[in-house]
Amino acid sequence: MTLITSISGIRGIVGGKPGEGLTPPDIIKFTTAYAYWINKQGNDSKKIIIGRDARITGEMVTNLVSGTLMAMGYDVYDLGLSTTPTVELAVMHEKAAGGLILTASHNPKPWNALKLLNHKGEFLNAKEGKEILEFAESEDILYSEAKQVGKYHLLEGYIEKHIALILDIPHVKKDLIKEKNYTIVVDSVNSTGGISIPVLLEHLGVKKVISLYGEPTGDFPHNPEPLPENLSTLASEVKKQNADLGIAVDPDVDRLVLVSDDGSMFGEEYTLVAVADYILGKEKGNTVSNMSSTRSLKEVTESHGGEYFPSAVGEVNVVEKMKEVNAVIGGEGNGGVIYPPLHYGRDALVGIALFLSHLAESGKRSSTLRKSYPNYHISKNKIALTAEVNMDKVFEELKKKYKKYPLNTEDGLKIQFDDDWIHLRKSNTEPIIRIYTESANENTAESMAKKIMDDIRNITENN
């Protein structure tokens, strides 16, 4: 079994022994620590929002989490089947002390997780996450006495509220979208995209919505990460139906990936690029993405007179940088769109509304729109090492080897070669180095990845 505890929460394969898999004692332990941390923040609210994706262990995890929060004296407001961005919004609008999202995101069926939010509906930073992990090992935490135990409330209708807020955004062009009579195919991977995306599209005036895997059963029909190799059925259906667009999301609906009308992948990196292009055409400003994302965003931003800023990888780091530079749009290259006027979190639903507004206003086919952007290729790889390898030493040796090139060590090591780059990050939980390369030429991107992996192997073999 697998249990991963990190500053961003706890996730793992459900079952097995406590401390090795995600078991009831582990869920209670970390929920208790989170509630204790929330109490230490001094927020007057005794309300905590929870919601879950449709995975098969969701009900069990919900019961354990809600009971533990109540035992810690908090009133639980449960959205039930929901999306990550909907829970984030609910924390804000309900003025709650915090929120818990019960989802393992793109991980397969056997996994589940606790994603932790602060009172702003945003993910915790590294310092806050570390405090919770420390509290989890404390034996000084006390549960509430009977008369102070919290209450449970089912809070229904928040997906509809979320959609209503999106429809009120001035840049969302409902009437123009309706005029286009779009046909759209949606792959919701049998999770909560199936109860949110078709409703949004109907309100946007989409003529015909064809739903694939739209029942929130949690029985994922394929690997739930919205990568090209997992979206062949969606691509085939887009062509078969002569559709204008294909939409894919992960189980908790914070990542948005698109398929063009010709069945080709729009590219997860280009979801944010297209939405940013649209927003920057309406309001001037800056953009942010993590440094493993395509340089296309930088070029599009500068073409609109704005300035692009990279951040360390991780949504919380993107959000912190966006606030620092007052970015009008930002996100991550995995299909994550963050639009600050709505909230500071990746949100596939607002991404859909803004992308369709852009598509409708452009008057182009989705495949033609994709061709209007700079075309770069990102290769995403990883290399597994033995536990004995000193990864810090590996990075030091790589810095020496490539010292004549511009280096960025803010988040791992990024090496810049004119317009090409390599970004290496070590895992915090296992002996793995993740390797991202980008070039205008696909073969070059792959060759750079192979070369840096050979360098790593040579370093480890000679030390």
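The values are calculated or read from the model by the stated rules, or taken from the named source; none is laboratory data. These figures come from a predicted structure and were not determined experimentally. Glycine also receives a Cβ, built like all others from the backbone with ideal geometry; neighbour counts cover every protein chain displayed. Accessible surface areas use protein heavy atoms only, side chains included; no ligands, DNA or RNA. Shrake-Rupley method; radii C 1.70, N 1.55, O 1.52, S 1.80 Å.
Rounded if a/c is under 1.5, else prolate if a/b beats b/c, else oblate: with a ≥ b ≥ c from the C-alpha gyration tensor eigenvalues square-rooted, which is segment 96-136? Cα axes put segment 96-136 in the oblate bin. If you sort the three axes of the alpha carbon gyration tensor as a ≥ b ≥ c, you get a/c of 1.5 or more for segment 368-407 and a/b no higher than b/c, which makes it oblate.
Take the Cα radius of gyration of segment 311-411 and divide it by 2.2 N^0.38 Å, N being the number of residues; the result is 1.47.
Normalised by residue count, the chain yields a Cα convex hull volume of 141 Å³ per residue.
Projecting each Cα onto the charge dipole of segment 143-227 (Lys/Arg +1, Asp/Glu -1 at the beta carbon, about the Cα centre), which of Leu155, Ser191, Val206 comes out farthest on the positive side? Towards the positive end, the residue furthest out is Val206.
What the phi angles of segment 347-357 give under the Karplus curve with 6.51, -1.76 and 1.60, with θ = phi - 60°, is a coupling list of 8, 5, 5, 5, x, 4, 4, 6, 5, 5, 5 Hz, glycine and proline written as x.
Looking at the square roots a ≥ b ≥ c of the eigenvalues of the Cα gyration tensor of segment 36-146, which shape do they give, rounded for a/c under 1.5, prolate if a/b is larger than b/c, or oblate? It comes out rounded by the Cα gyration axes. Mean projection of the Cα convex hull over all viewing directions, computed for segment 365-463: 7.5 nm².
Positive end of the dipole of segment 368-428 (Cβ unit charges, origin at the Cα centre): among Leu413, Phe395, Pro374, the Cα lying farthest that way belongs to Pro374. Compute, for Asp411, the solvent-accessible surface of its heavy atoms (probe 1.4 Å) with the complete set of protein chains present, and express it in square angstrom to the nearest 10. Around 20 Å² of this residue is reachable by solvent. Computed about its Cα centre, the charge dipole of the chain is approximately 400 debye, with only Lys, Arg, Asp and Glu carrying charge at their Cβ. Sorted largest first by accessible area at a 1.4 angstrom probe radius, with every protein chain in place, the residues Glu215, Glu283 fall in the order Glu215, Glu283.
The calculated Kirkwood hydrodynamic radius for segment 393-445 is 11.8 Å, given to one decimal from all distinct C-alpha pairs. Over the chain, accessible surface divided per residue gives 42 Å², non-protein components excluded, 1.4 Å probe. Taking the charge dipole of the chain about its Cα centre, with +1 at Lys and Arg Cβ atoms and -1 at Asp and Glu Cβ atoms, the residue from Asn125, Tyr278, Ser6 reaching farthest to the positive side is Tyr278.
Ligands, DNA and RNA aside, Ser447 has an accessible area near 70 Å² when probed at 1.4 Å.
Checking every one of the trypsin sites (Lys or Arg not before Pro) in segment 62-152 against DSSP loop status and a limit of 14 other Cβ atoms within 10 Å picks out Lys95, Lys151. Among Tyr182, Tyr308, the sequence by solvent-accessible area, most first, with a 1.4 Å probe is Tyr308, Tyr182.
When you count the other C-beta atoms within 10 angstrom of each residue and take the mean per peptide, 54-61, 272-279 line up highest first as 272-279, 54-61.
Charges were assigned to the Cβ only: +1 to each Lys and Arg, -1 to each Asp and Glu. The resulting dipole of segment 202-259 about its Cα centre is roughly 400 debye. Remark on Ile210: its backbone amide H falls under 5 Å from those of Ile184, Val185, Val186, a criterion applied only to residues 5 or more positions apart or on other chains, H modelled at 1.01 Å from N.
Figure note: Thr5, Thr23 ranked by solvent-accessible area, largest first, 1.4 Å probe, ligands and nucleic acids not counted: Thr5, Thr23.
For a paramagnetic label modelled at 7 Å from the Cα of Lys382 toward its Cβ, which residues of segment 211-228 fall within the zone defined by backbone nitrogen distances under 20 Å? Answer for segment 211-228: 222-228. Annotation for segment 87-166 versus segment 364-392: alpha-carbon center distance of 31 Å. What do you get for GluC sites (Glu not before Pro) in segment 155-186 restricted to DSSP loop and a cutoff of at most 16 other Cβ within 10 Å of the site's Cβ? Sites meeting the loop and neighbour criteria: Glu156. Probe 1.4 Å, all protein chains in place: accessible area of Asp219 in Å², nearest 10? Rounded to the nearest 10, that gives 80 Å².
Here the accessible area of the chain is 47 percent carbon and sulfur, with a 1.4 angstrom probe and all protein chains present.
The DSSP beta bridges internal to the chain are antiparallel in roughly 55% of cases.
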